[in-house]
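Here the structure comes first, spelled out in structure tokens, and everything after it is commentary.
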Amino acid sequence: MTRAIAIAAREPRELIENRVSFAGPNSELSVYDTYLPAQRVGLSADELLYCGMISGRKILHGRDDYTAEFLPQESFVMAPGETISIDFPDAELDRPTSCLTVEISRTRVDSICSHMNKVAPLHKDFEEWRYRTETLIHTPHTQATQALLERMIATFSENGPDRDILIDLGVSELVVRMLRQQTRAFLLGACERQPDINGLAAALSHIQKHITQPLDIDQLCKIACMSRSRFFTEFKSHFGCTPAEFQQQLRLQRAGERLRQGESVTRVCFDLGYRNLSHFSRRFQRQYGRSPSQYQKQLTFT
């Protein structure tokens, strides 16, 4: 995947966590390759550290006894000052375990949060846009995020006249996507705890409770006590998508959870309201970058 990874693979100086780094404005991108199995290798973050797997598998050990596999097409974010330890159970000389990290300064993150609070403020009942250091981010990411990470590797490793501008744009997009993901989880939790806190929360609670059923937008507008245009504006401002797209994302998140538990693809498909397997598979691949059966095979392999 681009010149940075080719350099790391061709000229490793270390067999465990060999690092190739590229500096940018308020940020640094690094590619790590590990060629031998290892356990409890430490990683610390001075600033916010966004991690994305490229190949192989890691086992992460974090705060509060958190332990989980880290696989390709997943994101993991470390808060400034956080330390984790990592196992590399499958690393081999000809099949290294590889990941990238993007270190982003706190001032840049704060600046983006401030901008979002001006242009897309959350409802007063939901606090403000901010990076929540107390909330762990470890989640599958979309093909759009994967494409962004691949584009950033190419941008960081190039020396064109617009390099710093393109890096800054890429970092901004990555932080916005991260904030959207984290804030969405925060809003879901808030709406589950207090579904009557406001109209948007009530509508969101209804979507969650009827995840397998077709959306009735008119009913959602009545629940939210909003006009159709205002409901769509408020919803997209808070969640970055339409209600229908949001429902699809919830369904696919639920599908991924159930597939990881070993349930059959057919059962998961029809239980979550999809009418045929091909439509479900297309949706799933768009979200996770691989088909449901490929997703399960990867989990079985690891």
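FYI, it's all coordinate maths here, none of it is from the lab. Just so it is clear, the structure is predicted and the values come from calculations on it, not from any experiment. Cβ coordinates were reconstructed from backbone atoms using ideal geometry, including for glycine residues, and neighbour counts include every protein chain displayed.
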Rg (one decimal) and Dmax (whole number) from the Cα set of the stretch 21-128, in Å, equal 16.3, 53
Report the charge-dipole magnitude of the chain in Debye, nearest 20, computed about the Cα centre from +1 at each Lys and Arg Cβ and -1 at each Asp and Glu Cβ.
1140 debye
Among Gln298, Leu277, Leu259, the residue whose Cα sits farthest towards the positive end of the charge dipole of the stretch 251-301, when +1 is placed on the Cβ of each Lys and Arg and -1 on the Cβ of each Asp and Glu, is Leu277
Normalised contact order of the stretch 251-301, rounded percent, pairs of Cα under 8 Å and 6 or more residues apart
33 percent
What percentage of all Cα-Cα pairs in the stretch 195-240 are separated by more than 13 Å?
51 percent
Using 0.36 nm per residue, how much length does the chain from Asp271 to Asp110 gain when fully extended, once their Cα-Cα distance is taken away?
53.8 nm
Computed over the chain: longest principal axis from alpha-carbon atoms vs helix 243-260 long axis, angle to nearest 10 degrees, is 50 degrees
Once every Cα of the stretch 251-301 carries one equal point scatterer and solvent is ignored, give the base-10 log of I(q)/I(0) from the Debye formula at q = 0.22, 0.28 Å⁻¹, two decimals.
-0.69, -1.15
Which of the residue pairs Lys58/Lys297; Lys209/Lys297; Lys124/Lys236; Lys118/Lys222 have a Cα-Cα distance greater than 22 Å in the structure shown?
Lys209/Lys297; Lys118/Lys222
Anyone know which of His61, His206, His279 comes out most mobile in the 10 Å Cα GNM of the chain?
His279
How would you classify the stretch 83-187 from its alpha-carbon gyration tensor, with a ≥ b ≥ c the square roots of the eigenvalues: rounded for a/c under 1.5, else prolate if a/b is greater than b/c, otherwise oblate?
oblate
Taking Cα atoms only, helix 199-209 is inclined relative to the longest principal axis of the chain by an angle, in degrees rounded to 10, of 70 degrees
Under Stokes-Einstein, the stretch 173-302 at 20 °C and 1.002 mPa s, with its Kirkwood radius over C-alpha pairs, diffuses with a coefficient in µm²/s of 135 µm²/s
Of Leu166, Ile59, Val176, which is farthest on the positive side of the dipole of the chain, counting Cα position, with +1 on Lys and Arg Cβ, -1 on Asp and Glu Cβ, and the Cα centre as origin?
Val176
Estimated inter-spin distance, Arg193 and Thr135, nm [label 7 Å along Cα→Cβ]
1.1 nm
Spin-label model distance (nm) - Tyr66 vs Ser229, 7 Å beyond Cα toward Cβ:
4.2 nm
At R0 = 30 Å, FRET efficiency that the Cβ-Cβ distance of Gln213 and Glu128 yields, to 0.05:
0.35
Ratio to report: Rg/Rh of the stretch 157-197, with Cα atoms as the point set and Rh obtained by the Kirkwood method; give two decimals.
1.37
So, for the Cα atoms of the stretch 54-99, Rg and Dmax in Å stand at 11.3, 35
Calculated FRET efficiency for the pair Asp46/Leu15, C-beta based, R₀ 30 Å, to 0.05:
0.75
Only Cα pairs under 8 Å and at least 6 apart count here; give the relative contact order of the chain as a rounded whole percent.
15 percent
Considering the options Ile84, Thr145, Pro72, tell which one lies farthest towards the positive end of the dipole of the stretch 64-159, charges being +1 on Lys and Arg and -1 on Asp and Glu at the Cβ, about the Cα centre.
Thr145
